[in-house]
Amino acid sequence: MLPLTLDLLPVLLLGAILGLDVVSFPQAMISRPIVAATLAGAFAGQTAAGLVVGVALECLALETLPFGASRYPEWGSASVVGGLVGTRGADGALLPEPAAWVIGVMAAIATAWLGGWTMVWHRRLIARWARVRLDAMAGGSMRTVMSLQVYGLTADLLRGAALTLLGLLLAWPASGWAVESWRLGATETRGALVIGAAGVAASAVWKVLHGYSVTRRLFVAGLAVGTVLVGLRG
């Protein structure tokens with residue numbers, strides 16, 4: 001169960017707002033994993049650890065393009081789950097506990113996948129509401145259009161809150177067990193996760209850029225310069 005010391009209502013509100021931001025409103029990019037997980041970590045008093053979780057999730061989410069009627073992962077609410085679960089046991093450290101980090105990332109991936117389905121259900125719900133109001137909308141009723149928008153936004157807000165709650169209820173006990181039972185070293189655990197996330201991020205970026213020769217060259221050049229700078233600082 002979630003600890004009584006965790007103020008759950010603000011966390012659920014955060015998940016609801018960030019889930020709403022993905023598509024419905026205001027699409028201000030605050031639902032990006034690197035932002036959402038950091039905010040969730042801040043709610044738990046572990047901002048730096050939440051940021052580390054968010055970086056890994058952002059790498060995984062780079063390929064997601066949330067537009068059209070296709071089904072795609074819902075990273076807003078999912079990153080709140082991952083950021084909160086992933087910071088368990090950090091106790092003010094800059095880096096999260098390796099076990100909690102892994103469970104947080106896995107929980108976010110699973111929640112994002114489920115969130116994609118909930119967004120499809122949400123669209124179908126709005127379509128049913130709109131179908132029974134077709135005559136009024138065809139007649140130019142502003143009140144009907146505005147009420148339909150309010151219904152849709154409210155339903156999406158509740159969807160995000162429910163998804164966040166479900167993800168936390170399932171992942172929080174697992175993170176506690178993992179922190180107590182994990183036996184691999186921190187270096188090996190973080191190394192494996194960083195390599196996996198970097199591989200996914202590189203493939204996602206390449207998929208987006210490979211069709212444009214100039215952009216592709218700029219990306220490779222930027223990657224080379226960044227690698228050199230990291231090496232010099234190290």
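The values are calculated or read from the model by the stated rules, or taken from the named source; none is laboratory data. These numbers were taken from a predicted model, which means no experiment stands behind them. Virtual Cβ from ideal backbone geometry, glycine too; neighbours counted across all protein chains shown.
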Open item on the list: Looking at (1) at pLDDT below 95; (2) buried (at least 16 other Cβ atoms within 10 Å of the Cβ); (3) within 26 Å of W206 (Cα to Cα), which one does F67 not meet, given that it meets all the others?
Closed with: (2)
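State which residue is surrounded by the most Cβ atoms within 10 Å (Cβ to Cβ) when the search covers only the range 36-64 and only residues that are β-branched (V, I, T) and in contact with a Gly (Cβ under 9 Å, 6 or more places away or on another chain). Spell out how you get there, then give the answer.
Let us first name the residues in the range 36-64 that are β-branched (V, I, T), namely 38, 47, 52-53, 55, 64.
From the residues that got through so far, the ones that are in contact with a Gly (Cβ under 9 Å, 6 or more places away or on another chain) too are 38, 47, 52-53.
Details: T38: 23, T47: 18, V52: 25, V53: 32.
So the residue we want is V53.
Residue-by-condition table, conditions (1) out of contact with any Leu (no Cβ under 7 Å at 6 or more places or on another chain); (2) at pLDDT 85 or above; (3) over 23 Å from L60 (Cβ atoms); (4) among the basic types (K, R):
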| site | (1), (2), (3), (4) |
| --- | --- |
| T5 | yes, no, yes, no |
| P10 | yes, yes, yes, no |
| L14 | no, yes, no, no |
| P26 | yes, yes, yes, no |
| M29 | yes, yes, no, no |
| P33 | no, yes, no, no |
| T38 | no, yes, no, no |
| F43 | no, yes, no, no |
- [ ] List every residue pair whose Cβ atoms sit under 8 Å apart, with the two residues 6 or more apart in sequence or on different chains, where the first one lies in the range 130-151 and is free of Cβ contacts under 8 Å to residues at least 12 places away in the same chain and the second, anywhere, is among the polar types (S, T, N, Q) and in a helix (DSSP H, G or I).
- [x] A136/T144; M137/T144
TODO: Considering each residue of the range 22-74, count those that are within 25 Å of V150 (Cβ to Cβ), in a helix (DSSP H, G or I) and within 9 Å of the chain's Cα centre (by Cα), and give that number.
DONE: 1
- [ ] From (1) polar (S, T, N, Q); (2) crowded, with 22+ Cβ neighbours inside 10 Å; (3) more than 22 Å from V52 (Cα to Cα), pick out the condition that doesn't hold for S175.
- [x] (3)
